[in-house]
Every structure is written in C-alpha cells, then in structure tokens.
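The values are calculated or read from the model by the stated rules, or taken from the named source; none is laboratory data. Not measured: the values here are computed from a predicted model. Every residue, glycine as well, gets a Cβ built from its backbone with ideal geometry; the counts of neighbours run over all protein chains shown.
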Amino acid sequence: MSDPRARARELARQSIAHGDVTGWFETLYAESERDGFRISWVDLEPNPYLVEWLRRRSAPPIGRAIVVGCGYGDDSELLSAAGLDVTAFDVAPSAIARCHARFPESNVRYEVADALNAPTLWQRGFDFVFEAYTVQVLTGEARRVCARSIGNFVAPGGTLLVVARSRRPGDPEGQMPWPLTRAELEAFAAPGLEMTQLEEVLEPGDPPVPRFVAEFVAGR
Ligand SMILES: C[S@@+](CC[C@H](N)C(=O)[O-])C[C@H]1O[C@@H](n2cnc3c(N)ncnc32)[C@H](O)[C@@H]1O
C-alpha cells in the first residue's frame, strides 16, 4: 500500500456516497490485516494526551471507564492498568478481533458496537469516558449525534476527556480526518455535562496540527 491515508480517504468517499458513514472502517481494518499495511491512525501506543491526563492526577482514577472507537486497544489497556474497570468498543469487528489477539489476558471488555446506536445500558454508565479522534472521522449529522451519545455515557460526577483535531469556524473542512470546530466540541455537553477545561494545542509537524484536549465533568 503506497499511501494508507489515501486508501482510507477513498474508502470513506465510496462508503459515504452510498449513505453509509461507518461501513468503511471495517473495510479498511480488514484490508489492512489482509494486505499488511498500517492504517494511518494506528501507532500501537497509548494516546499521549491520555497519558498526560493520568500523570497530572493527584490520585489514581477509580470506577468504570469506556473507550470510544478503541481501534487496537492501547488506550483501553492503559486505563485498565491504571486500575479502571474498562469497556472498549469499536464499530469495526476486525479492530476488536485484533484487540483480543493482542491482549488475550486482558481485563478489558472489548465489544463491537456503534456509538451512533449504543446500548441503552451504557447511558450515564461510566465514571470516565475517553474519546480520541472518532467524531472527526464521521460526516454530516452523525458528528453531532455521536458527540451527544458519547456525552450521555458519563455517570453523575464522572469525567469525559475528548482529544480531536481542531479548526477555526472559517477554516476549510479539508479532507478526512475532518477537524472539529469549537461548536462541534460543545455538542459533547449532554444535559448536566459541562466543559471544565479546554487546551488548544498546536502539535509540531509539517504542517503543525491543531488539537482540542477538552475535559467535561457531569454534575452529581
Ligand atoms: C481515527 S480512528 C481512532 C482510533 C483510536 N481512538 C485512536 O485514537 O487511535 C477512529 C476509530 O473509531 C471507530 N469508529 C468510527 N465510527 C464509530 C462509531 N460510530 N462507533 C464506534 N466506533 C467507531 C473506527 O473504526 C476507528 O477505529
């Protein structure tokens, strides 16, 4: 595969043109497993903003956590090792199969599920919710629906951490991944959930990549 990101964009384009905003993820993971190329977002490392969030805490986190669009499971395993009782899900069965294969002894519950149609049992079900880079690979109304669904996972007193590419309102949307505007970030704020911290990071690169790292806390 000469350019895995170009292949992801092509699959996204075809799937979305057929009215299926999530079907391309499974196609991409299955192709990557079959043909042995690495998907552009797979780095087989925990997200550095999640690592930093855990490091800054004065006490280890406790309770139930959920990882949205978990990919190959590095963030879920980090949270499990930190002491949380972790559920992690992805819409792509091949990604979840890879999590089971990579971490056969894991305490994480890995599940195939769609954030756009999540189990009702998950509503207000988690003390910590981690979302990195899922909403930004969706299009149209699915972006708002997904953000709101993720916000609804947070239990009273719980925390949601969102990491996403960002753009200013007037900036062009560009190509997949489609960065979030501030208004889209605010769509995570389900009733009772408030954004309590927002870092706007400019990650070095060519070009540099602007990101939101946002924490939301739910009232009790
Ligand atoms: C850009 S990748 C990020 C993966 C991982 N969070 C990371 O940071 O490496 C987006 C992930 O979200 C998954 N995904 C996309 N839409 C989803 C949905 N509606 N429900 C669950 N997972 C979804 C994709 O299959 C993919 O694994």
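Does the range 191-202 contain at least one residue that is within 16 Å of the ligand (Cβ to nearest atom) and of a type in the set (G, A, S)? Step through it out loud before you land on a result.
From the range 191-202, those within 16 Å of the ligand (Cβ to nearest atom) are 201; that's our starting set.
This time we only want the ones that are of a type in the set (G, A, S), so: none.
Looking for residues that are within 16 Å of the ligand (Cβ to nearest atom) and of a type in the set (G, A, S), one finds none in the range 191-202, hence no.
For the range 12-22, what are the residues that are buried (at least 18 other Cβ atoms within 10 Å of the Cβ) and either touching a Pro at 6+ places or on another chain (Cβ under 8 Å) or in a helix (DSSP H, G or I) (or both)?
Matches in the range 12-22: A12, S15, I16.
For G23, only one of the following conditions fails: (1) within 9 Å of the ligand (Cβ to nearest atom); (2) touching a Ser or Thr at 6+ places or on another chain (Cβ under 6 Å); (3) without any contact (Cβ under 8 Å) to a residue 24 or more places away in the chain. What is its number?
Evaluating G23 over (1) within 9 Å of the ligand (Cβ to nearest atom); (2) touching a Ser or Thr at 6+ places or on another chain (Cβ under 6 Å); (3) without any contact (Cβ under 8 Å) to a residue 24 or more places away in the chain leaves (1) as the failure.
Which condition does A30 not pass, out of (1) within 14 Å of the ligand (Cβ to nearest atom); (2) closer than 19 Å to E131 by Cβ, if it passes all the others?
(2)
Does at least one position in the range 59-69 carry a residue that is surrounded by 17 or more Cβ atoms within 10 Å (Cβ to Cβ), more than 12 Å from the ligand (Cβ to nearest atom) and at pLDDT 95 or above? Walk me through it before giving the result.
So in the range 59-69, the residues surrounded by 17 or more Cβ atoms within 10 Å (Cβ to Cβ) come out as 64-69.
In the following step, the residues that additionally are more than 12 Å from the ligand (Cβ to nearest atom) were identified as 64-65.
So of that shortlist, the ones also at pLDDT 95 or above come out as 64-65.
Scanning the range 59-69, I find at least one residue that is surrounded by 17 or more Cβ atoms within 10 Å (Cβ to Cβ), more than 12 Å from the ligand (Cβ to nearest atom) and at pLDDT 95 or above, so the answer is yes.
Return the only residue of D75, D90 being over 27 Å from R220 (Cα atoms), touching a helix residue (DSSP H, G or I) at 6+ places or on another chain (Cβ under 9 Å) and buried (at least 21 other Cβ atoms within 10 Å of the Cβ). Give the steps one after another, and end with the answer.
Details: D75 fails: over 27 Å from R220 (Cα atoms).
On inspection, the qualifying residue turns out to be D90.
In the range 125-146, which residues are within 11 Å of the ligand (Cβ to nearest atom), touching a helix residue (DSSP H, G or I) at 6+ places or on another chain (Cβ under 8 Å) and of a type outside the set (S, T, N, Q)?
Selection gives F130, E131, A132, V135, V137, L138, A142, R143, V145, C146.
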